[in-house]
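For reference, the structure is listed below as structure tokens.
What follows draws every value from the coordinates through simple rules; no lab data is involved. All of these numbers come straight from a predicted model, not from anything done at the bench. As a convention, Cβ positions derive from the backbone with ideal geometry for all residues, glycine included, and neighbour counts pool all protein chains shown.
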């Protein structure tokens, strides 16, 4: 083993990387960008959960002790909680507000809530809780917090009890779900966005490398010498690469649904349509990005610029509505945001084309824009 040869080769590698200013900048700046983004997101305070309350409790009069309004006391406790943003609703608004997503749960307190509490032999109170249900983690959190607030409030009404003793009065929470049910777990909730992210990531990477190889082998110059236009060439590559993208998408979907056994509500054909459209966007972005790369190493540089920010900001980890105001506009220029919205509506809520067509239309526009930009970038590069 010759140490001089090793040192010579090492110097050659250092010189090659040092002469690539974009690579040097990426090595220094990309980690700083990712760390800054991560610090902002991971330091976010937990967002308050929007909770609706329908309080129809009429209360009861107690001889010599005034009126008892147990329902109002529960509403006050929920309002004071740092976990919820409470909105008072009418009974007719429950399903509309849950479907619109303006509330994630609704506590219903009937007219005779206080009276039933006093009549019950074991002084057992039942809370009627309606949940949107598409996010099982949020559903469990809402149920636990509502139960805690109700038990602490009603415990103060029990004779000889001090406020805050959660074991002094049993509480039953009767839970119903608008979408899904208790069998849904955390992976069922994350699966639609996880499928979208993986499909987009691998399609983008495959396209970048494949198109770069065509350029580096001189195939692009020979094609441009034929009567074919730049747009025709791009569309041809788009069609060819999309076939492999669709095979990959089908494999990801099939494995997730039939092997990992995720629960879903919507139509599989509509689900496949949305994933296919996202794959076309990934192919267009991949072709466009590859025109700015000279080798495979430079292709990898696009991952922290194009892919990772979408994974962090497009709803995969944090809901877009919970992002800080500084970052909140960014997801709306990312195609993965609209794919996540549509796939969540299909798989978790069982909605159809009438609900997802705006997201579908935006993805179509993304695909068209990236295809046209890719054709223009190829023309500029070869000219």
With the Cα gyration tensor of the chain giving a ≥ b ≥ c as the square roots of its eigenvalues, does the rule (a/c under 1.5 for rounded; else a/b larger than b/c for prolate; else oblate) give rounded, prolate or oblate? prolate
Ordered by packing density, taken as the mean number of other Cβ atoms within 10 Å over each peptide's residues, highest first, how do 239-252, 364-377 rank? 364-377, 239-252
Do you know the relative contact order of the chain, to the nearest whole percent, from alpha carbon pairs under 8 angstrom that are 6+ apart? 15
Cα axis of helix 3-19 to longest principal axis of the chain: angle in degrees, 0 to 90, nearest 10? 70
Can you tell me the relative contact order of segment 241-339? Whole percent, Cα pairs under 8 Å, sequence separation 6 or more. 25
The chain: angle of helix 268-290 to the longest principal axis, Cα-based, in degrees nearest 10: 40
When only Cα pairs under 8 Å and 6 or more residues apart are kept, what is the percent relative contact order across segment 185-382? 35
For the chain, percent of DSSP beta bridges that are antiparallel (nearest 5) comes out at 30
Taking springs between alpha-carbon atoms closer than 10 angstrom, which of 101, 71, 133 fluctuates most in the Gaussian network model of the chain? 101
With a Cα-only, solvent-free Debye model of segment 185-382, what are the log10 I(q)/I(0) values at q = 0.08, 0.18, 0.19 Å⁻¹? -0.27, -1.20, -1.30
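If each DSSP helix of 4+ residues adds -39,500 (n - 2.57) and the sum is divided by the residues in the chain, what number results at 222 nm, nearest 500 deg cm²/dmol?
Value at 222 nm, helices only: -19500 deg cm²/dmol.
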Cα-based Rg of segment 177-224 normalised by 2.2 N^0.38 Å, two decimals: 2.07
Likely footprinting exposure, 36, 147, fewest C-beta neighbours within 10 Å first: 36, 147
